[in-house]
1. Which residues, counting only those in segment 347-365, are among the hydrophobic types (A, V, I, L, M, F, W, C) and touching an Asp or Glu at 6+ places or on another chain (Cβ under 9 Å)?
2. Would it be correct to say that A320 is free of Cβ contacts under 8 Å to residues at least 60 places away in the same chain, crowded, with 22+ Cβ neighbours inside 10 Å and either within 16 Å of the ligand (Cβ to nearest atom) or not aliphatic (A, V, I, L, M) (or both)?
3. Is there any pair linking a residue in segment 338-354 that is modelled with pLDDT of 95 or more to one that is within 9 Å of the ligand (Cβ to nearest atom) and among the charged types (D, E, K, R), with Cβ under 7 Å and at least six apart or on different chains, and which?
4. Between residues in segment 265-293 that are under 18 Å from A328 (Cβ atoms) and residues that are within 16 Å of the ligand (Cβ to nearest atom) and assigned to a helix (DSSP H, G or I), which pairs lie under 7 Å by C-beta distance while being six or more apart or on different chains?
5. What about S399, is it within 12 Å of the ligand (Cβ to nearest atom) and touching a helix residue (DSSP H, G or I) at 6+ places or on another chain (Cβ under 8 Å)?
6. Out of (1) of a type in the set (D, E, K, R); (2) modelled with pLDDT of 90 or more; (3) within 15 Å of the ligand (Cβ to nearest atom), what's the single condition that is false for R3?
7. Just to be sure I understand, how many residues within segment 381-411 are hydrophobic (A, V, I, L, M, F, W, C) and farther than 19 Å from D264 by Cβ?
8. Please determine, by comparing only the residues of segment 298-316 that are assigned to a loop (DSSP other than H, G, I, E, B) and under 23 Å from I260 (Cβ atoms), which one is nearest to the chain's Cα centre (by Cα).
Amino acid sequence: MKRIVVVSNRVGLPAPNSESSGGLVTGVHAAMRGRGGLWFGWSGKVTPSPSDAPEIVQAAGIDYATIDLDQAAYNEYYLGFANGTLWPLCHFRLGLFEYERTQAEAYEAANERFARALMPLLRPDDLVWVHDYHLIPLACALRRLGCQQRIGFFLHIPLPPPRALAILPRHKELFSSLLDYDLVGLQTVEDADALRAFCRQNLGHLVMPDGTLLGPQRRTATGVFPIGIDPQAQQRIAVKSAKLSTTRRLLDSLGGRKLILGVDRLDYSKGLSYRFRAFGRLLGAHPEWRSRVTYLQIAAPSRIEIARYREARLELERQAGRINGKYAEFDWVPIRYINRGFTPKTLAGFYRVAQVGLVTPLRDGMNLVAKEYVASQNAADPGVLVLSPFAGAAAELDSAVIANPFDIDALAEALHTALTMPVEARRERWAALHAAVEHGNAERWQQSFIAALEGVSALPRAATASR
Ligand code: ADP
């Protein structure tokens, strides 16, 4: 069995006391279990003059190799090009898109440095699996250093249509570097179609009926691999967490009121301000819900060095204040807005007791919170998922109450529908959602990607055609 080498911007060192973690960590650990592996990436530390020689630690049969970034790389590569340019571009937020040539150069340079640090650690028959928008040109940089191993790439975030991608200066150079991979995986059919269309229209490459891209140097397979969670572990932890003192305290504090729950990173892509407005609209249009439902929004701060994120936070504080000021009673606050993260255990208990899971990003690669909410429910009395059609998860979770987050009235009505849904309808919808979450789990995600990457090895490297 070939060794798996995972490369991601941040390395998911095993977290103590955490039974459940995000899809990448769950999937990668499952992929490496039994066959060993190496996980390479940024340590998360910013240090002056960091070494190119990775620091290597071992845990549970996996080698973790990390390098630090210096302040300039952190600012220009990570905050700048990755999160100030590519993130808004790929999340269809062209109005927030910013570009600085020096940042684009720092992104290239960071990828070259990652490649230089990784190259000496590779063995001839490794399978290399690169993750996400921080590392698009990594295969190109590795190939320049002579890397012959099979390399796959998985994009966790969405991909907009070619005309949107084309606003990025030097977009052809950046996205044609995807053709140095043997396999490119995406979350949804829509994302895969966008990539194939871009390669055809903007790069002039031939795309085979099976989605294979014929580039100048090699064939690159493309495929759809929706990321998932470990639903059984999530259910187990939710059942246990329902008995935690945190969950009991939450229930006591609600005093029998219904609970709408949102759990997100504080990111403008998550549509939080639209949700706040929709909840306010619900209280306006359906006064019967006043004092009868509480909306708990947990929004962990994220990328606070970026002005757009600080602005989003201020905007939410204003809105929560406005709605609470208008509707609160001396014994009821409509929106509880919390600006910090909670452990997966605590969250699982909250998911289980919330009558409504509100997951309405304006655009999202997948959204694992939606899947975690579904997997945490009590089958006999499940809550209702209100989901945006613009989350990648909507492709699988179409039995949720789907609501366009830009339509505040529709979102308010979706909340009303969810809050009043009879138990039979809730069970029916949940059964379908649960089956989808079980099917598209983290294990299947990693297995199907690795199998596809091993499969493409048989394809000839040389180009057969281009136009
Ligand atoms: P993203 O990858 O954009 O952060 P996801 O919905 O896929 O969005 O969430 C990834 C993981 O982060 C999930 O496992 C989720 O439980 C966790 N998470 C999201 N928001 C919070 C929060 N406020 N506190 C703790 N964990 C969170």
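1. L347, A348, V359
2. Yes, satisfied.
3. Y351/E372
4. Every condition considered, the pairs that remain are F276/L316; F276/A320.
5. No; evaluated as a whole, the condition is false for this residue.
6. Answer for R3: the failing condition is (3).
7. Residues of segment 381-411 that are hydrophobic (A, V, I, L, M, F, W, C), as a first pass: 384-387, 390-391, 393-395, 397, 400-403, 406, 408, 410-411.
After this cut, where a residue has to be farther than 19 Å from D264 by Cβ as well, the list is 395, 410.
Final tally of qualifying residues: 2.
8. Here is the first cut: in segment 298-316, the residues assigned to a loop (DSSP other than H, G, I, E, B) are 301-306.
Those left that are additionally under 23 Å from I260 (Cβ atoms): 301-302.
Numbers: P301: 16, S302: 13 Å.
Out of the qualifying residues, it is S302.
The values are calculated or read from the model by the stated rules, or taken from the named source; none is laboratory data. Nothing here was measured: the structure is a model prediction, and the numbers come from that model. Backbone-built Cβ (ideal geometry, glycine too); neighbour counts: all protein chains shown. In case anyone asks, the SASA skips ligands and DNA or RNA and just uses the protein heavy atoms, side chains included. Shrake-Rupley method; radii C 1.70, N 1.55, O 1.52, S 1.80 Å.
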